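Heads up, the thing below is written out as structure tokens.
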Amino acid sequence: MRTQQQIIDDLNYASDRRNCKPAPTKVTVTLEGDEDTVEVQLPTKWEVCDLCNGKGTHVNPSIDCGGLTSEDFDQDPDFAEMYMDGVYDQTCNRCEGRTTIAVPDFELMSEVEREAYKAHEAQEDELAEEEAWERQYGGC
Ligand SMILES: [Zn+2]
């Protein structure tokens, strides 16, 4: 039997934005042709990773996903020092230490590609919403 605090900790961990899949280095969409569908690689540009802000690392979310307060540091100065020194840092989950991620370059896309990308994004959002719902109300 899990305590309420454990459940909260698990939820905090699961919903921490650092717990993500690595950003893809290619952005592809499926275009519906008259007779068949084709996978098209979209033009991309490199942008500073929005998760680590170009650092390439971040604190392991299992350390501070529930949020730390100054009390946590006051009560354990050793922990505070190690935390500040980056002892708990790990390679960024999103850019995998590259510090940049590939993002679609809308200026270089054709109109068809742009529409396909928007449709693809809408589908992804829907999927993410469903997953979030299942996390919240699904099996525990
Ligand atoms: Zn990063």
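See the values below:
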read-out	value
Compactness relative to 2.2 N^0.38 Å, alpha carbon Rg of region 1-113	1.50
Segment ASP34-TYR137, extension gain: residue separation times 0.36 nm, minus the distance between their alpha carbons	33.0 nm
Set of aspartates and glutamates near LYS45 by C-alpha distance (under 19 Å), chain-local residues within fewer than 8 positions excluded	GLU96, ASP105, GLU107, GLU111, GLU113, GLU115, GLU121
For the chain, built as a Gaussian network whose Cα springs stay under 10 Å, the top-fluctuating residue of GLU129, GLU47, GLU96	GLU129
Least to most buried among ASP50, ASP64, ASP78 (fewest other Cβ within 10 Å first)	ASP78, ASP50, ASP64
Gain in span if fully extended, GLN5 to ASP105, counting 0.36 nm per residue against the direct Cα distance	31.7 nm
Ellipticity estimate at 222 nm from DSSP helix runs (n ≥ 4, -39,500 (n - 2.57)) divided over the chain, nearest 500	-12500 deg cm²/dmol
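Read-outs throughout are calculated quantities, based only on the coordinates presented, and are distinct from any laboratory measurement. Model, not experiment: these values are computed from the prediction. Note: ideal-geometry Cβ built from the backbone for every residue, glycine included; neighbour counts use all protein chains shown.
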